[in-house]
Amino acid sequence: MEESILEIRNLKKHYPIRKGLFNKLVATKYVVDGVSFKINKGETLALVGESGCGKSVLLRLLVGLENLTEGEIIFAGKKLSEMTALERKLLQQKQQLIFQDSLGALHPRFIVQESLEEPLIINGMKDKNKRLQIIHETMNKVGLDPKYCTRYPHELSGGQRQRVNIARALVERPELILADEPISALDVSLQAQVLNLLMDLQEEYNLSMLFVAHDLAVVRQIANHIVIMYCGKILESASSAEIYENAKHPYTNVLLKSAPSIKKGISDEGFNLDLKVGDTPDPANPPTGCLFHTRCMEADEYCMREIPHNKEIAPGHFVCCHKI
Ligand SMILES: Nc1ncnc2c1ncn2[C@@H]1O[C@H](COP(=O)(O)OP(=O)(O)OP(=O)(O)O)[C@@H](O)[C@H]1O
Ligand SMILES: [Mg+2]
């Protein structure tokens, strides 16, 4: 069996909504609601879903920036809940997050060198020359001239800034990269460059990656496995090839259709997304039955009432839909 680097089981994050003088609990926001998946060593899993479905919150749970409501995180076979303080500290070095907002992720008053040096200092690397050697080496790897070491974040272009963020994630030589929409703020030509860079680095360092995106076109090249998330839950998951050739969930098909570079010619016909007009559901007031029924063209009364469960329709291909 393949060795997993990260496994999550039934992960939940619920935020209480409190109001009034007595801070009374008035509702609960089900932002991440029972998510499970596994990433094998050296592989990339793409987590895809619309804005607000809980992708960034899930990553924050994984790096410990938020506490879990329920569930289990297992890193390289060891449960996070059973790790000692030292093991948790080491884990922080082994998995690194590339933040969604490349400007906000860097300290505005730190020059590039200071931003890259900080994690090394925190983790006890006392030898300044060694730190600088690692920084220059990593900058070269991500295609940034070390002369940018003295620049502030606002003096860099968006593409350069994202390279600094990638370099910052790499200086500690992690095993797993958690990349939160790392290219969505870049223009199209830069997107391809940064995507290629991530793929090269992945091969060179045998990295595993959790790649978050809101668009299926972007992850085609990079992902081995794809997980489709909607309002805190997983609706479909399968190998990349299976998703692109044999997607079953109506929502996955909507995502495939709305990614124009996958199905060419769609713009000539205009978009016909097979989707009822409506917004994504509010996680504080999720729909009954199937979460997608409010926008699904195939939904009937049964879908409104009954919660669907995951079905394995082919080895490793899971779908959560009454109609399948
Ligand atoms: N600290 C918090 N307290 C309460 N609700 C929160 C908190 N953080 C996030 N949320 C809510 O969780 C939901 C999911 O947010 P999240 O940032 O994970 O979305 P996302 O999938 O990353 O979206 P995008 O693609 O726009 O980045 C949103 O409804 C958001 O308002
Ligand atoms: Mg996000």
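The values are calculated or read from the model by the stated rules, or taken from the named source; none is laboratory data. As the structure is a prediction and not an experimental result, all values here were calculated from the model. Positions of Cβ are generated from backbone atoms using ideal geometry, with glycine treated the same way; all protein chains shown enter the neighbour counts. Note: areas computed on protein heavy atoms with side chains; ligands, DNA, RNA excluded. Shrake-Rupley method; radii C 1.70, N 1.55, O 1.52, S 1.80 Å.
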Within the chain, what's the longest run with no chymotrypsin sites (Phe, Trp or Tyr not before Pro) in a DSSP loop and at most 14 other beta-carbon atoms within 10 Å? Give the range, please.
111-270
Long-range amide H partners of Ser36 with built H, under 5 Å
Asn10, Leu11
Distance cut-off 24 Å, Cα to Cα: go down the list Lys41/Lys79; Lys94/Lys147; Lys79/Lys233 and report the pairs above it.
Lys94/Lys147
Any idea what the relative contact order of segment 86-192 is, in percent, if you count C-alpha pairs under 8 Å spaced at least 6 apart?
46 percent
May I ask for the distance between the Cα centers of segment 172-224 and segment 1-44, given as a whole number of Å?
23 Å
Name the lysines eligible as straight-distance cross-link partners of Lys126: C-alpha to C-alpha under 17 Å, and not fewer than 8 places from it in the same chain.
none
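Pulled fully out, how much extra length does the chain show between Glu2 and Glu70, if you take 0.36 nm times their separation in residues and subtract their Cα-Cα distance?
This chain segment gains 21.9 nm when fully extended.
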Which of Val254, Val227, Val35 moves most in a GNM of the chain, Cα contacts under 10 Å?
Val254
Of Leu291, Ile183, Leu68, farthest towards positive along the dipole that unit charges on Lys, Arg, Asp, Glu beta carbons give the chain:
Leu68
On average, how much accessible surface per residue is there in the chain, in Å², for a 1.4 Å probe, leaving out ligands, DNA and RNA?
51 Å²
Which of the lysines could a cross-linker bridge to Lys130, judged by Cα under 17 Å and excluding same-chain residues fewer than eight apart?
Lys141
Extension gain Val26-Glu118, at 0.36 nm per residue separation less the Cα-Cα distance, in nm?
28.9 nm
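Efficiency by 1/(1 + (r/R0)^6): what FRET value for Ile313 and Met83, r their Cβ-Cβ distance, R0 = 51 Å, to the nearest 0.05?
Using R0 = 51 Å, I get an efficiency of 0.90.
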Per GNM of the chain with C-alpha springs under 10 angstrom, the most fluctuating residue out of Lys257, Lys276, Lys141 is Lys276
Relative to the present Cα-Cα distance, how much length would full extension add between Asn129 and Lys323 at 0.36 nm per residue of separation?
63.7 nm
Charge context of Met139, other residues only, Cβ under 11 angstrom, K/R +1, D/E -1
+2
Where in segment 292-324 is the amide nitrogen less than 15 Å from a point lying 7 Å along the Cα-to-Cβ axis of Asn246?
311-319
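How large a share of the accessible area of the chain, in percent, is made up of carbon and sulfur atoms when the probe is 1.4 Å and the other protein chains stay in place?
Using a 1.4 Å probe with all protein chains present, the chain comes out at 50 percent carbon and sulfur.
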Net charge of Cβ neighbours under 15 Å - reference Leu186; Lys, Arg +1; Asp, Glu -1
-3
For the chain, modelled as a Gaussian network with Cα springs under 10 Å, which listed residue fluctuates most, Ser81, Ser258, Ser102?
Ser81
Between Leu6 and residues 5 or more places away or on another chain, the pairs with built amide H atoms under 5 Å apart involve Ile39, Ala76
Nearest-5 percent of antiparallel DSSP beta bridges in the chain?
65 percent
Below 16 Å, Cα to Cα, which lysines can Lys323 reach? Residues fewer than 8 away in the same chain don't count.
Lys248, Lys311
